[in-house]
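S.K.: Before I ask anything, here is the structure I am working with.
Just so it is clear, none of the values below were taken in a lab; they were calculated from the coordinates. Predicted, not measured: the structure shown is a model, and the values here were computed from it. We place every Cβ from the backbone using ideal geometry, glycine too, and count neighbours over all the protein chains shown.
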Amino acid sequence: MREDLGVDPARSKSAFPGARGCASAAILLYLAAVVVPPLAGPAPASELASRLLQPLRPLVGTLFLGHGYRFFAPNPGPGHTIRWTMTMPDGSRKSGRIPDEALDRPRLLYHRRFMVSEKISALVPPADAPREVRDRARQDWQPLVKGVAAHLLQREGGLQVTLETVEHYLPEPAEVLGSGTFADAVTPLGSYAWTEASR
Amino acid sequence: MTHVRPAAALGSAAFDPGLARNAAEPARRGWLADWATAWNGFWFTPADPLPLAVIRIATGLILTWSCVVWLLDPDAFFGDRGWLRPDQVWRQNDQPWQWSVYFAASSATLIRVVAGVALVAAILLTIGLATPLAALVSFVGLVSAANRAPLNVFGLDDTLGMLLIPLIVGPAGARLSVDAALAGPGWGRAGGPSVRANVALRLLQVHLCVVYLFSGAGKLFGASWWEGTALWGAIANDRYRTLDLRGLAGHPLVVNALTLATLWWEVGYAALVWPRLTRRLWLAMAVLVHLGIGLAMGMMEFGLAMITANLAFVPAATFARLLRPVTSPLAALATSPGIRPDSP
């Protein structure tokens, strides 16, 4: 198999056996930094993996290896947009959404902005969740939303902005064949004036 | 049988404790020696750096494009009034370990300088000029961007990081590069098989297996993957959609087959990409899956980056054969003896 991959087994002897030992140690350390982060998160994860990660955090952080690699897992979910409505200094109103497929081009730019909506929406419970759950989650998402609001107000030159997250309904095949209309789930994220957003 | 391997001796002595005790010591040494031999053969056998050069060029092109896109809106991504305020970055990543040069870039000008340097480094990496430095600076640029703008990153950035570390470790500029063209006749040795090239390729191969293993294992939690409907979830998601495949709504068995093929390809990758009999099939599936994601879900850069990582499993001889129409005329025209035709 090694020959297939373009290597020459006849030349595997090292002139520096000590160097080979050091290289082996470095490789093992690197492999630990590759394997342990996805073991340790996202949830569910074991206490053992979390403890193993602690001494590796400097290396994992330095080498940008702290990833979970759960692409489209456990299930592909619905997409999210953040919709905003802004009051301008002349009293007019302006609206938009993040991302906006008509404006956010090229596609990679769209995707980088799309991640803002996806990552914030992941922290926001549905509007009908228990109040305690919503209050606890607010501590996580509101500081991020304030930053987004400040960015939008500065970019558009507005006075106040109201944001809401939209979870786009994921229709079943039968619903698509029936060509019905689908209602998206909307969750308010609050209104932010310039002074509030810039705190 | 005149020679009995220690492991076999231990197995046959399993019913006799006394004999097992006597045989145990040499058996253990043999097993450990086998491990050491396998380890050394796997990591420290010299390899042709040609695959690494191809991976360098593909990675450099994708990274260059990513840098251009960061530069389309640098203040929004990296500025004080961007999508994520600097004092809130800790909410999205593991501070203080996740560093970024942008944390020290206090003005719009400095932000553009840092992003510009990252772009230049990515271009130099692509063409293979000052390759070791270009690879290192490209990595610093990638990580700085990802750690300063964690709200804007996704699998593409994880994959580019996975690709860049082997390019720093190995002789990525030894072939198909300006470095090789500019070097004197002595470069021939540097472009030959080396342990560093093998370590770099092995790091990428193993890392890629880890990525697919966890990605596949994560999917096993999801009912839609077992039910064979997960791909419908991707098809019906209009936020990702760049190719309308909703016509598959009337063909549930096709959706089932595509979903299950994707799941079991990913779950089996770490084991079945190594044997010669299954490697081509698994690599072909990788191309199909990632091109499919790229075309249908608008994530072509991510798809191409993952395909680039899969190139680590393509033999050097295959690249030499495929690139011969390009490299042979160049070698004939070159005045520098540093450019050599590829040998199969």
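S.K.: Summarise the partner chain shielding of B:240-246 as one whole number: the mean count of Cβ atoms from other chains within 10 Å of each residue's Cβ.
M.R.: Averaged over the peptide's residues, the number is 2.
S.K.: Output ³J(HN,Hα) for region A:75-85: one whole-Hz value per residue in order, computed from phi by the Karplus curve 6.51 cos²θ - 1.76 cosθ + 1.60 with θ = phi - 60°, and x for Gly and Pro.
M.R.: Residue by residue, region A:75-85 yields 9, x, x, x, x, 10, 10, 9, 9, 9, 10 Hz.
S.K.: From Cα pairs below 8 angstrom and at least 6 apart in sequence, can you work out the relative contact order of chain B, rounded to a whole percent?
M.R.: Taking the mean separation of contacting Cα pairs over the length of chain B, I get 20 percent.
S.K.: Sticking with this one: For chain A, take every pair of Cα atoms, bin their distances at 5 Å starting from 0, and report each bin as a whole percent.
M.R.: 1, 6, 10, 11, 13, 13, 11, 10, 7, 5, 4, 4, 3, 2, 0, 0
S.K.: What translational D, rounded to a whole number of µm²/s, comes out for the protein assembly as shown from Stokes-Einstein when the hydrodynamic radius is the Kirkwood one over Cα pairs, at 20 °C and 1.002 mPa s?
M.R.: In µm²/s, the coefficient rounds to 83.
S.K.: So what is the relative contact order of chain A, in percent, for Cα pairs below 8 Å that sit 6 or more residues apart?
M.R.: 18
S.K.: Using amide H atoms built in the peptide plane, which far-off residues or other-chain residues are under 5 Å from residue B:129 H to H?
M.R.: Residues meeting the criterion, in which the H sits 1.01 Å from N, are B:178, B:179.
S.K.: On to the next question. For region B:50-331, which semi-axes, largest first and in whole Å, follow from the square roots of 5 times the eigenvalues of its Cα gyration tensor?
M.R.: 32, 29, 16
S.K.: Show the residues, 5+ positions off or on another chain, whose built amide H is closer than 5 Å to the amide H of residue A:185.
M.R.: Under 5 Å from the amide H of residue A:185 lie the amide H atoms of A:167, A:169, each far enough along the sequence or on another chain.
S.K.: Ordered by residue, what ³J(HN,Hα) values in Hz, to whole numbers, does region B:117-124 give under the Karplus form 6.51 cos²θ - 1.76 cosθ + 1.60, where θ = phi - 60° and Gly and Pro are x?
M.R.: So the J values, rounded to whole Hz, are 4, 4, 5, 4, 4, 5, 5, 4.
S.K.: Taking H placed 1.01 Å from N in the peptide plane, check which residues at least 5 places from residue A:160 or on another chain put their amide H under 5 Å from its amide H.
M.R.: It is A:87, by chain and number.
S.K.: What list of ³J(HN,Hα) values in whole Hz, one per residue of region A:159-171 in order, does the Karplus curve 6.51 cos²θ - 1.76 cosθ + 1.60 (θ = phi - 60°) give from phi, with Gly and Pro shown as x?
M.R.: Residue by residue, region A:159-171 yields 9, 8, 9, 10, 10, 8, 9, 10, 9, 6, 4, 9, x Hz.
S.K.: Could you give the radius of gyration (one decimal) and Dmax (whole number) of the Cα atoms in region B:232-327, in Å?
M.R.: Cα radius of gyration and Dmax of region B:232-327 are 15.7, 49 Å respectively.
S.K.: Take peptide A:129-140, look around each residue's Cβ out to 10 angstrom, count Cβ atoms belonging to other protein chains, and average those counts.
M.R.: 0
S.K.: Could you please rank A:98, A:82, placing first whichever residue has the fewest other Cβ atoms within 10 Å of its Cβ?
M.R.: A:98, A:82
S.K.: Across peptide B:65-76, how many C-beta atoms of other chains are within 10 Å of each residue C-beta, on average?
M.R.: Other-chain Cβ atoms within 10 Å of each residue's Cβ, averaged: 3.
S.K.: Next up: Short version: what are the Cα gyration tensor semi-axes of region A:80-197, square root of 5 times each eigenvalue, largest first, in whole Å?
M.R.: Values for region A:80-197, descending: 25, 20, 14 Å.
S.K.: Sticking with this one: Listing A:172, A:118, A:164 from the residue with the fewest other Cβ atoms within 10 Å to the one with the most, what is the order?
M.R.: Ranked by crowding around the Cβ, least crowded first: A:172, A:164, A:118.
S.K.: Do you know the relative contact order of region A:80-197, to the nearest whole percent, from alpha carbon pairs under 8 angstrom that are 6+ apart?
M.R.: Relative contact order here is 31 percent.
S.K.: Find out how many positive minus negative residues lie around residue B:98, taking Lys and Arg as positive, Asp and Glu as negative, among other residues whose Cβ is under 10 Å from that of residue B:98.
M.R.: Here the count lands on +1.
S.K.: May I ask for the distance between the Cα centers of region B:269-327 and region B:88-124, given as a whole number of Å?
M.R.: 31
S.K.: If you don't mind, another one. Sort B:111, B:168 so the one with the fewest other Cβ atoms within 10 Å of its own Cβ comes first.
M.R.: By the 10 Å Cβ count, ascending: B:168, B:111.
S.K.: Please give the peptides B:245-252, B:47-54 ranked by average Cβ packing (other Cβ atoms within 10 Å per residue), highest first, as a rough proxy for protection.
M.R.: Most protected by this proxy first, the peptides run B:47-54, B:245-252.
S.K.: Moving on to the next point. On a C-alpha basis, how far is the centre of region B:40-61 from the centre of region A:65-130 in Å? Whole number, if you could?
M.R.: Centre-to-centre distance over Cα atoms comes out at 38 Å.
S.K.: If you place +1 on the Cβ of every Lys and Arg and -1 on the Cβ of every Asp and Glu, how big does the dipole about the Cα centre of the protein assembly as shown come out, in debye to the nearest 20?
M.R.: 1300
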